[in-house]
Structure formats: C-alpha cells, structure tokens
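Student: Before I ask anything, here is the structure I am working with.
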Amino acid sequence: MPPRTCQFCQNARAIIRRPKTGDHVCKECFFNVFETEVHNTIQEAKLFKPGDRVAIGASGGKDSTVLAHVMKTLNERYDYGLNLFLLSIDEGITGYRDDSLETVKRNQQQYDLPLKILSYKELYGWTMDAIVEQVGRKNNCTFCGVFRRQALDRGAASLNVDHIVTGHNADDIAETVLMNIMRGDIARLGRCTLICTQGEDTIRRSKPLKYAYEKEIVMYAYFKKLDYFSTECIYSPDAYRGHARSFLKSLEVARPSVIIDIIRSGEAFEVAQEVVIKEQRKCSRCGYIASNELCKACTLLEGLERGIPKLGIRDGKRKKIEIEATEPDGPLRTIPMFKLPSVMENSQAARTETTAPS
Amino acid sequence: MANDFGLNVTMASGETINLKIQFGGGAELLFGNIRSHEVSIPAIAAATPSGSKQADRPSDITFLIQWMKDNMLKEREGLFVEGETVRPGILVLINDTDWELEGEGDYILQPKDEIVFISTLHGG
C-alpha cells in the first residue's frame, strides 16, 4: 500500500487515522489539530479567565500527563494567563501509586510546574494498603473514591486554587453514560456529560479532554514521547466499568465515531425535574460538603477507626447503615476542618457585591 | 538477532524475517514486562485457525499476532488477542504509522519492520 498523504497539509506522510473524523493526518498536523480542539473546547465552555489558579489532577498516567502538557502549551500559546499547579493524591498503594508518583515528580521537572502531593496517610491516617487489610478487596474502591474526591479538594484548597482540571477523556465519559443508563442512574446521567461541575461551595472541576479520544491521547503521548506510567491498580478492578469499556471498544472498531455519538446522546438527554437533588450542607465534624450530618469520608473513617468498616457502605438492598453523629467515645482520628481556598472567599465576596441590589 | 522465540519454528520452515517489536501503555506487562524485543518469524505464514486466511502466504500482521500469542505471550492472552486480531483498545503502529492506514492485519511484513503495540486499557 503506498504511503498516504496528510489530508490537511497535502504534503507530509499521514501517520494516524483520526477516529472521530476518519481523516488521515501527518504528525505535525495531528499535534496541531489535537491541541486546537482542546483549545476550542476550553474557549467554547469559557472554562478559564486570566489570573485563574488552576490545579491539574496528576496521576502520572497517560491522560493527566497529556493534559498537563497540553494545558501548559495552550496557556503559553494563547496567553490564557493561568497559574498552573500539579496536584497528586498518594493513596498509599505500594507498587502502584509510589511508582506513578515518581512519574509525576519527573513531570514536575519537565513542565516546570509547582507540585503538591497529598497522601491519604497524612489526611486520614490510613493508607489504602492498610484499608484493604482491614476491609478486604470487596468495598475498597468505595473508600478510595470517596477519599480521593475529598483529598483533591483539600489539596486544591491548600494550593489556594479554585479550579481543578482532570484528565477524563471522551472514552471515559462515554463509558459513564453507558453505565448510568445500564443502572438507571438518571441523576448522574444528567450531569455526567457536563464539562464543568460547580456547586455553591465547591471547587470547580473541569474536563478539558472531554472530547479527546483515548486513541488520540495515547498517540499524542507516543509521538511527543511523553513520560507516563501505566499499570492497573493492584486492588481494582472496577468490573462493571470494565464491561462497559470492552463493549465500547468493540463498538469503536465497527464505528469509530461511536464514542462522540454517545457523548452527544448523553448531552441531549433532558432529565425530568422531579429528580430530587439532596440539599447540600456541611459536615458537622470536618466542614466538608455533605448530604447528611456527617460527610461520607468522616463516616467511612469512623467505621475504619471503630473497626466496623461497613459503616456508610450500601449493602445489596441499597440500605445504608447510618450512624448517629455523636462524639466518638475514644480518641478517634478525624479529618482536619475543611476551609475553602481564600481565592474563593474573595470571589464569593465579589459576587455578593456585584449581585447586591443597587 | 534471532532469540529464543520461534527459533525452532524458523529452522524448520526456512526463511525468516527479523522484526523489532515494542510494547507500551501496559501491554508489556503481558510479555514478561519487557518493552523491546527482536524476533525472527517465518517469512511464510501458517493458515489462521479459522481458515479465514490460508497458509503459504507471505507473513502479515495477522500471522504475527498469532505467532506472538503462541511464542511470546506470557499471561492473560485474552487481554491481547481477540479472535484473530488484537483486542480492541490495543493500538498498533507499523514503522510509526497507525496500522489503520497500512491495511491492518493484511499488511505484509518487511525485514526490519518495527511494530509497536500500545495498550489503552490500562489506567490513566
């Protein structure tokens, strides 16, 4: 088969068939179109404004490594005026996260961005290794997910940033749409395609790679020779997501546009208003956002500390064992008080001023 | 250049092709955690198990995948092979070009070709 020519520059030899469009593109045009699409996503969603302090959630994996590279590139190329930081969470998983954090440390040097690493051990007093030892391998992902979410917010607050960007890619979002459909989770279906989520008192979270195919992210990392770490979490596997993933990858072979098509479908769903969204309040123990008296992390942590790790975990009948938010008897470990980054307090004050009646 | 892999096979069937095989993105974990391999495979392919491709054709990528499964794969073969091709989610590059531009499994291997397999199935 003779080499194909790039459909963009009509000059260089094509090296990739773009899954989204079927275009045959050379290396330079591929870099350019990939970066420009992320830029367009950012611009259309108006994700940033000059002077924003933004943390890139960095795991050392392909997605966040490409995100860090592209964010740095675009910030310079288009003069976004952002202050960028790398934020990593150390779950305390020997042989997995300790290796990937080495990659993040190299990324810090390569991209010359400040790096903050916050560990579960430091924040909660427990590593995932210790948690798995106590709870076994069945529910450990619940702990890890709840703890990571809160750790990212706390890490962001300590960096005084009010915006976290994560490396979720188009394949991840399409998978999540499918999973939410398959389990009938309509509330999540409605918001899982949002590029940016923000409540009143929460730190903004955005997904600039929302429309970037995993294939292109991996090809981008390969051709740019980016340094990333890839292995499976030794405790995972999220079996349900694994099935959605395999299904999607098989569909993609037959019809490459399927990933973007599923995201578009997800975006087009209108979620009926009767879905009640639980009112948010503040955890009485640590001040983090909660939908009950205690936040999820405090509930789980208390369960660990008291040796009853089933606390706060749904059982098969979707009932939760709730606990009274009484003061713990003994000296249980608790999470430090959560404070919003001061940059947010200022902006909230500013918002109040501008919206005050004249 | 020939290594342990497939030496016996190649002695028996005569001509061989030397190739460089690279793994990335976690695919190397299925191949003894070694990223770079130099292999020597028969120049003439065997028939595919289903008979979809006949024997005595020049070795192509379909044959290479089958040969790797039989001679190189160390564990969890379902994570690398599905039917007679790679599992969806594994990217293949032929001399640094997306195999989708080169005819995928039908690409006929040339001496010194460099074939890269990158998994996208491992965590980001």
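The values are calculated or read from the model by the stated rules, or taken from the named source; none is laboratory data. Here the structure is a predicted model, which is why all the values come from computation and not from measurement. Note: ideal-geometry Cβ built from the backbone for every residue, glycine included; neighbour counts use all protein chains shown. Each accessible area value is taken on the protein alone, full model and side chains, heavy atoms only, with ligands, DNA and RNA left out. Shrake-Rupley method; radii C 1.70, N 1.55, O 1.52, S 1.80 Å.
Student: How much solvent-accessible surface does A:Ser342 expose, in Å² to the nearest 10, with a 1.4 Å probe and all protein chains in place?
Tutor: 60 Å²
Student: Heavy atoms only, 1.4 Å probe, whole protein assembly: order A:Glu133, B:Glu75 by accessible area, highest first.
Tutor: Details: A:Glu133 160, B:Glu75 80 Å².
Largest to smallest exposure gives the sequence A:Glu133, B:Glu75.
Student: Now for a separate question. Working with all protein chains in place, sort A:Cys295, A:Cys233 by solvent-accessible area computed with a 1.4 Å probe, largest first. Show your work: numbers first, answer last.
Tutor: Numbers: A:Cys295 0, A:Cys233 35 Å².
Putting A:Cys295, A:Cys233 in descending order of accessible area: A:Cys233, A:Cys295.
Student: In addition: Kindly report, to the nearest 10 Å², the accessible surface of A:Thr197 as traced by a 1.4 Å probe over protein heavy atoms only.
Tutor: Its heavy atoms expose roughly 50 Å² to the probe.
Student: Also, I was wondering about something else. Report the number of Lys pairs in region A:207-259 whose alpha-carbons are under 19 Å apart, with separation of 8 or more residues or on distinct chains.
Tutor: Values: A:Lys207/A:Lys215; A:Lys210/A:Lys249; A:Lys215/A:Lys224; A:Lys215/A:Lys225; A:Lys215/A:Lys249.
Taking region A:207-259 as the scope, the lysine pair count is 5.
Student: So which GluC sites (Glu not before Pro) in region A:156-242 end up in coil per DSSP with only 16 or fewer other C-beta atoms within 10 Å? Please list the in-between numbers first.
Tutor: On the way: sites: A:Glu175, A:Glu200, A:Glu214, A:Glu216, A:Glu232; in loops: A:Glu200, A:Glu232.
Those that pass, being in a loop and sparsely packed, are A:Glu200, A:Glu232.
Student: As an exercise, use a Förster radius of 56 Å and the Cβ-Cβ distance of A:Arg306 and B:Gln110 to find the FRET efficiency, rounded to the nearest 0.05. Mind dumping the intermediate values first?
Tutor: Working: r = 66 Å, r/R0 = 1.17.
According to the calculation, E is roughly 0.30.
Student: Next question. Write down the Å³ per residue value for the convex hull defined by the alpha carbon atoms of region A:68-208. Walk me through the intermediate numbers first.
Tutor: On the way: hull volume 19.5 nm³, N = 141.
Residue-normalised Cα hull volume stands at 138 Å³.
Student: Per the helix-only calculation at 222 nm, which mean residue ellipticity applies to chain B, given -39500 (n - 2.57) for every DSSP H run of n ≥ 4 and division by its residues, nearest 500 deg cm²/dmol? Present the calculation step by step, with values, prior to reporting the outcome.
Tutor: Numbers: 2 runs with 18 residues, N = 124.
The helix contribution divided over chain B gives -4000 deg cm²/dmol.
Student: Comparing the chain by itself with all protein chains present, which residues of region B:78-99 are at least 50 Å² less accessible (probe 1.4 Å)?
Tutor: Relative to the lone chain, where solvent access is computed with a 1.4 Å probe, region B:78-99 loses at least 50 Å² at B:Pro88, B:Leu91, B:Asp96, B:Asp98.
Student: Each label point is 7 Å from the Cα along the Cα-to-Cβ direction; what then is the distance between the points at A:Glu44 and B:Ala43, in nm?
Tutor: It is 5.2 nm.
Student: Rounded to the nearest 0.05, what FRET efficiency is calculated for A:Ala130 and A:Glu232 with R0 set to 30 Å and r the Cβ-Cβ distance? Don't jump to the answer; show the numbers that get you there.
Tutor: Numbers: r = 20 Å, r/R0 = 0.68.
Working from the Cβ atoms, E equals 0.90.
Student: Taking chain A on its own, what percent of its Cα-Cα pair distances exceed 27 Å?
Tutor: On the way: 33664 of 63903 pairs.
Roughly 53 percent, rounded to a whole number.
Student: A:Ile16's amide H: which non-local residues (gap 5+, or another chain) put their own amide H closer than 5 Å, with H modeled 1.01 Å from N in plane and none for Pro or chain starts?
Tutor: Placed amide hydrogens put A:Val25, B:Asp98 under 5 Å from A:Ile16.
Student: Give me the percent of the accessible area of region B:7-119 that comes from carbon and sulfur atoms, probe 1.4 Å, all protein chains in place. Walk me through the numbers on the way to the answer.
Tutor: Working: 2420 of 4920 Å².
Summing carbon and sulfur atoms, their accessible area is 49 percent of the total for region B:7-119.
Student: Next question, about the same structure. Measure up A:Lys62/B:Lys53; A:Lys105/A:Lys282; A:Lys46/A:Lys310; A:Lys46/A:Lys282; A:Lys46/A:Lys105; A:Lys20/A:Lys72 against 32 Å on the Cα-Cα distance and list the ones that go over. Write down the numbers at each step before the final one.
Tutor: Values: A:Lys62/B:Lys53 36 Å; A:Lys105/A:Lys282 34 Å; A:Lys46/A:Lys310 42 Å; A:Lys46/A:Lys282 29 Å; A:Lys46/A:Lys105 30 Å; A:Lys20/A:Lys72 24 Å.
In this structure, A:Lys62/B:Lys53; A:Lys105/A:Lys282; A:Lys46/A:Lys310 lie more than 32 Å apart at Cα.
Student: Which of the trypsin sites (Lys or Arg not before Pro) across region A:43-126 are loop residues per DSSP, with 13 or fewer other Cβ within 10 Å?
Tutor: On the way: sites: A:Lys46, A:Arg53, A:Lys62, A:Lys72, A:Arg77, A:Arg97, A:Lys105, A:Arg106, A:Lys116, A:Lys121; in loops: A:Lys46.
Here the sparse-neighbourhood loop sites are A:Lys46.
Student: Expressed in whole Å with the largest first, what are the equivalent ellipsoid semi-axes of region B:7-119 derived from the C-alpha gyration tensor as the square root of 5 times each eigenvalue? All intermediate terms of the calculation are to be shown ahead of the outcome.
Tutor: Values: eigenvalues 78, 47, 43 Å².
The equivalent ellipsoid of region B:7-119 has semi-axes of 20, 15, 15 Å.
Student: Give me the percent of accessible area attributable to carbon and sulfur for region A:1-99, probe 1.4 angstrom. List each step's numbers first, then the result.
Tutor: Details: 1880 of 4140 Å².
So the carbon and sulfur contribution to the accessible surface is 45 percent.
Student: Please give, to one decimal in nm, the separation of the simple spin-label points placed at A:Arg241 and A:Arg281, each 7 Å out from Cα toward the Cβ.
Tutor: Roughly 3.1 nm, to one decimal.
Student: For chain A, what is the calculated [θ] at 222 nm in deg cm²/dmol (nearest 500), taking -39500 (n - 2.57) for each run of four or more DSSP H residues and dividing by its residue count?
Tutor: Details: 13 runs with 161 residues, N = 358.
My calculation for chain A gives -14000 deg cm²/dmol from helical runs alone.
Student: Kindly identify residues of region A:217-233 having a loss of at least 20 Å² in accessible area between the isolated chain and the assembly of all protein chains, probe radius 1.4 Å.
Tutor: A:Val218, A:Met219, A:Tyr222, A:Phe223, A:Tyr228, A:Ser230, A:Thr231, A:Glu232
Student: Still on this structure, I have one more. Can you give the accessible area per residue of region A:59-201, in Å², using a 1.4 Å probe? Please list the in-between numbers first.
Tutor: Values: 5540 Å² over 143 residues.
Roughly 39 Å² per residue, with all protein chains present.
Student: Between beta-carbons, use under 15 Å as the cut-off and find the net charge around A:Lys20, counting Lys and Arg +1, Asp and Glu -1. Numbers along the way, then the final one.
Tutor: On the way: positive: A:Arg17, A:Arg18, A:Lys210, A:Lys215, A:Arg255, A:Arg264; negative: A:Asp23, A:Glu35, A:Glu37, A:Asp171, A:Glu214, A:Glu216, A:Glu252, A:Asp261, B:Asp98, B:Glu100.
Charge balance in the 15 Å sphere: -4.
Student: Of all the accessible heavy-atom surface of region A:193-243, with the other protein chains kept in place and a 1.4 Å probe, what percent is carbon and sulfur?
Tutor: On the way: 1180 of 2140 Å².
C and S fraction of accessible area: 55 percent.
Student: Same structure, new question: Taking only protein heavy atoms into account and a 1.4 Å probe, give the accessible area per residue of chain B in Å². Each step should come with its number before you reach the end.
Tutor: Numbers: 5510 Å² over 124 residues.
I get 44 Å² per residue for this part.
Student: Which value in nm describes the separation of the simple spin-label points at B:Leu73 and A:Glu28, placed 7 Å from the Cα toward the beta carbon?
Tutor: 4.1 nm
Student: Can you run phi through the Karplus equation (6.51, -1.76, 1.60; θ = phi - 60°) for region A:212-218 and list ³J(HN,Hα) in whole Hz, with x for Gly and Pro?
Tutor: Result, ordered by residue: 8, 5, 4, 4, 6, 5, 5 Hz.
Student: Normalise the Cα radius of gyration of region A:231-271 by 2.2 N^0.38 Å (N = residues in it) and let me know the number. Present the calculation step by step, with values, prior to reporting the outcome.
Tutor: Working: Rg = 13.2 Å, N = 41, 2.2 N^0.38 = 9.0 Å.
Normalised Cα radius of gyration, region A:231-271: 1.46.
Student: For A:Gln110 and A:Glu270 in the same chain, what is the full-extension length gain: residue separation times 0.36 nm, less their Cα-Cα distance, in nm?
Tutor: Values: separation 160, 0.36 × 160 = 57.60 nm, distance 4.33 nm.
So the extension gain works out to 53.3 nm.
Student: Which whole-Hz ³J(HN,Hα) couplings does region A:4-17 yield from phi under the Karplus relation 6.51 cos²θ - 1.76 cosθ + 1.60, θ = phi - 60°, glycine and proline marked x?
Tutor: Ordered by residue, 3J(HN,Hα) equals 8, 9, 4, 6, 8, 8, 6, 10, 6, 7, 5, 10, 9, 9 Hz.
Student: Separate question: ³J(HN,Hα) across region B:67-83 via Karplus (A = 6.51, B = -1.76, C = 1.60, θ = phi - 60°), whole Hz, x for Gly/Pro?
Tutor: 5, 5, 4, 7, 10, 10, 5, 9, 7, 6, 4, x, 7, 10, 10, 9, x
Student: Using r as the Cβ-Cβ distance of A:Ala187 and A:Gln7, and R0 as 41 Å, what FRET efficiency do you calculate, to the nearest 0.05?
Tutor: FRET efficiency, A:Ala187 to A:Gln7: 0.45.
Student: How many square angstrom of accessible surface are buried between B and A, both sides summed, with a 1.4 Å probe and rounding to 100? Let's see the in-between values first.
Tutor: Values: alone 6680 and 18740 Å², together 23160 Å².
What B and A bury together is about 2300 Å².
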